[in-house]
Amino acid sequence: MTQTLVDPQETSSTVDDVIQTLLVSGALRPSSLERARRASDDSGERLDNVLRKLGLVSDDQMTSAWAEATGHRVIAMADFPSAPILADQLRPEYLRHAGVLPIALGDDRLTIALSDPLDSFSPAAIAAKTGLRVEIVLARPGELQAMLTRLYGDVDADDGPEPAPAGALAD
């Protein structure tokens, strides 16, 4: 499925659709949702992220709900690459900061796994940098971070500079 950019005005309704999916499936209780709404209001953080951080919804449940809402498939651990893809063009610091991992390269197409389905910047930036059409699949955040570490090592170690998203794509 080809990446489409998310309209910021649709973000709220999209998150609401995901929340409704979680409620209907029984993965989220109304009382837990209210707790998360209060925490989201206090922190200013997106409600779906708060639900996950508070442990009220698992990575698997949230990623599945996002897949249903967006139509994107969820990558299985076995489908992650065994070696970095386009390592000469995409810096590990950027990939980790953005929560993105290239997983397949075709003739004119790069498939990336990402953990935030509302991130339209990273796919667009990668497409601009590589000149390739970018397709996305969704990844569970914990699995994506584990694969980034396996493929690139601990790129956010204390002995290096903090990654900067704007300039982190390789020159």
Extend 7 Å from the Cα of Asp17 along its Cα-to-C-beta direction; within segment 52-85, residues with backbone N under 17 Å of that point are 62-74
Phi angles of segment 69-82, converted by Karplus (6.51 cos²θ - 1.76 cosθ + 1.60, θ = phi - 60°) into ³J(HN,Hα) in whole Hz with x for Gly and Pro, give 6, 9, x, 7, 7, 9, 6, 8, 3, 5, 8, 6, x, 8
The Rg/Rh figure for segment 1-138, Cα atoms and Kirkwood Rh, to two decimals is 1.00
So, with points 7 Å from each Cα along the Cβ direction, the Ser58-Asp41 label distance in nm works out to 3.1 nm
Per 10 angstrom bin, beginning at 0 and ending with the bin that holds the maximum distance, the Cα pairs of segment 97-146 fall in percents of 28, 57, 15
Convex hull around the C-alpha positions of segment 43-113: the volume in Å³ per residue is 135 Å³
Going residue by residue through segment 91-105, the Karplus relation 6.51 cos²θ - 1.76 cosθ + 1.60 with θ = phi - 60° gives ³J(HN,Hα) values, rounded to whole Hz and with x marking Gly or Pro, of 6, x, 4, 5, 4, 5, 4, 7, x, 9, 9, x, 10, 7, 10
If amide H atoms are modeled at 1.01 Å from N in the peptide plane, then the residues at a separation of 5 or more from Ile112, or on another chain, having amide H under 5 Å from its own are Ile103, Glu135, Ile136, Val137
Calc'd 3J(HN,Hα), segment 24-36, phi into Karplus 6.51 cos²θ - 1.76 cosθ + 1.60 (θ = phi - 60°), Hz, glycine/Pro = x, comes to 4, 6, x, 6, 9, 8, x, 5, 5, 4, 5, 4, 5
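Only the coordinates and a few stated rules stand behind these numbers; no lab work does. Predicted model only: the values in this text are computed from it and were never measured. Every residue, glycine among them, receives a Cβ derived from its backbone with ideal geometry; neighbour counts consider all protein chains shown.
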